[in-house]
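Readers should treat all values here as calculations from the given coordinates under stated rules, not as data from a laboratory. Keep in mind the model is a prediction, meaning the values are calculated, not measured. Neighbour counts run over all protein chains shown; Cβ positions are idealised from the backbone, glycine included.
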C-alpha cells in the first residue's frame, strides 16, 4: 500500500444527510422481468420509495399507473416517474 491511499478523498463527500425511502431503481432491481402490475404490488407494494414530494408507498403510486404489464424494469420505472415526477429528493432535514 502506498501512503497516498491513507489520505483524505480527492473529492469532498459532504455530510451524511438521511433520505427517507428507497430509490426506485433499488426496488425494481429486486424484481425479475417481465412482471404484471398486480404482481409488483403484491411483492413490493409496501416498499417506500423516494419521490420529489417525499417518501410514498409503491402501492399508492401504482394506483395511478395505467399500464398493467411491464416487459422491462425501464418501462416500469418510466411509468412510475410519470406519476411521481422527477427532481430533487427532499432530505429528512428539509
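Going highest first, how would you order 32-39, 47-54 by mean Cβ packing within 10 Å?
Most protected by this proxy first, the peptides run 47-54, 32-39.
For residue 72 and residue 36 in the same chain, what is the full-extension length gain: residue separation times 0.36 nm, less their Cα-Cα distance, in nm?
Gain on stretching residue 72 to residue 36: 11.9 nm.
Would you mind calculating the gained length between residue 26 and residue 91 on full extension (0.36 nm times residue separation, minus the Cα-Cα distance), in nm to one decimal?
21.6 nm
Restricting things to alpha carbons, tell me how big the stretch 20-84 is in terms of Rg and Dmax, in Å.
In Å, with Rg to one decimal and Dmax whole: 10.3, 28.
Describe numerically, in nm with one decimal, the distance between label points set 7 Å from Cα along Cα→Cβ at residue 19 and at residue 81.
1.3 nm
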